[in-house]
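**Q** Before I ask anything, let me first share the structure, which is written out below as structure tokens.
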Amino acid sequence: MKWHADYKGDSRIEEYIHGHAYRISTHPAIWNREYLLKLTEKPMNAWNFEYLVSYESDAYPQSCICVKKPIISFVNTVWRQKWTREGVSLCKREGIPIDFHIRAKHGFRSNFVTDINKLIYHMLGPDFITAMIIKKRKKVRSR
């Protein structure tokens, strides 16, 4: 299922279609302040914001658009309180020393699980995976 389309005929820009996962995200963005305030009325962390608010944004007519060619590049350097292999590689390339006594790096098992999760995510798609995560979180909250 397609989750984005060219925005008003401009092939450089795409619009995230209502009803799809990650329509709203915490990546660097330019926001309409009033729209962002509407979306952040409920207290939640950044991860729940991406999962839940993407669907809640369907209640508003605003478009969510992005450029197809990234303007800002970034690397997730720390995930679940540990250095990612991409973060370690970036720091090494840039000559930035890392003290692994302060923050450990992900090991083989964690990297393997992450790779498997990425594969499953790309095979099943963000909408299916996000729906499963939301269902699981609701079940945990109801206990």
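The values are calculated or read from the model by the stated rules, or taken from the named source; none is laboratory data. Note that the structure is predicted; figures quoted are calculated from it, not measured. FYI the Cβ positions are ideal-geometry reconstructions off the backbone, even for glycines, and counts take in every protein chain you see.
**Q** Conditions first: (1) assigned to a helix (DSSP H, G or I); (2) over 22 Å from residue 26 (Cα atoms); (3) at pLDDT 80 or above. Residue 140 passes all but one, so which condition is the exception?
**A** Failing condition for residue 140: (3).
**Q** Would a scan of the stretch 103-110 turn up a residue that is charged (D, E, K, R) and either farther than 24 Å from residue 129 by Cα or surrounded by 15 or more Cβ atoms within 10 Å (Cβ to Cβ) (or both)?
**A** yes
**Q** Scan the stretch 55-96 for residues that are of a type in the set (Asp, Glu) and under 30 Å from residue 9 (Cβ atoms) and jot them down.
**A** Residues satisfying the conditions are 56, 58.
Residue-wise test of (1) assigned to a loop (DSSP other than H, G, I, E, B); (2) in contact with a helix residue (DSSP H, G or I) (Cβ under 8 Å, 6 or more places away or on another chain); (3) in contact (Cβ under 8 Å) with a residue 12 or more places away in the chain; (4) not charged (D, E, K, R).
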site	(1), (2), (3), (4)
22	yes, yes, yes, yes
30	yes, no, no, yes
38	no, no, yes, no
43	yes, no, no, yes
61	yes, no, no, yes
70	yes, no, no, yes
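**Q** Same structure, new question: Give just the number: which of (1) within 16 Å of the chain's Cα centre (by Cα); (2) assigned to a helix (DSSP H, G or I); (3) surrounded by 15 or more Cβ atoms within 10 Å (Cβ to Cβ) does residue 47 not satisfy?
**A** Checking residue 47 against (1) within 16 Å of the chain's Cα centre (by Cα); (2) assigned to a helix (DSSP H, G or I); (3) surrounded by 15 or more Cβ atoms within 10 Å (Cβ to Cβ), the one that fails is (3).
**Q** Could you please let me know if residue 89 is surrounded by 14 or more Cβ atoms within 10 Å (Cβ to Cβ) and modelled with pLDDT of 85 or more?
**A** no
**Q** Is one or more of the residues making up the stretch 72-93 part of a loop (DSSP other than H, G, I, E, B), touching a Leu at 6+ places or on another chain (Cβ under 7 Å), of a type in the set (S, T, N, Q) and over 18 Å from residue 127 (Cβ atoms)?
**A** Yes: the stretch 72-93 contains one or more residues that are part of a loop (DSSP other than H, G, I, E, B), touching a Leu at 6+ places or on another chain (Cβ under 7 Å), of a type in the set (S, T, N, Q) and over 18 Å from residue 127 (Cβ atoms).
**Q** Continuing with this model, one more query. Would you confirm whether or not the stretch 68-75 contains a residue that is modelled with pLDDT of 85 or more and surrounded by 14 or more Cβ atoms within 10 Å (Cβ to Cβ)?
**A** Looking through the stretch 68-75, none of the residues is modelled with pLDDT of 85 or more and surrounded by 14 or more Cβ atoms within 10 Å (Cβ to Cβ).
**Q** Working only within the stretch 1-41, note down all residues that are exposed (fewer than 13 other Cβ atoms within 10 Å of the Cβ), of a type in the set (D, E, K, R) and within 19 Å of the chain's Cα centre (by Cα).
**A** Within the stretch 1-41, 2 is the sole residue that qualifies.
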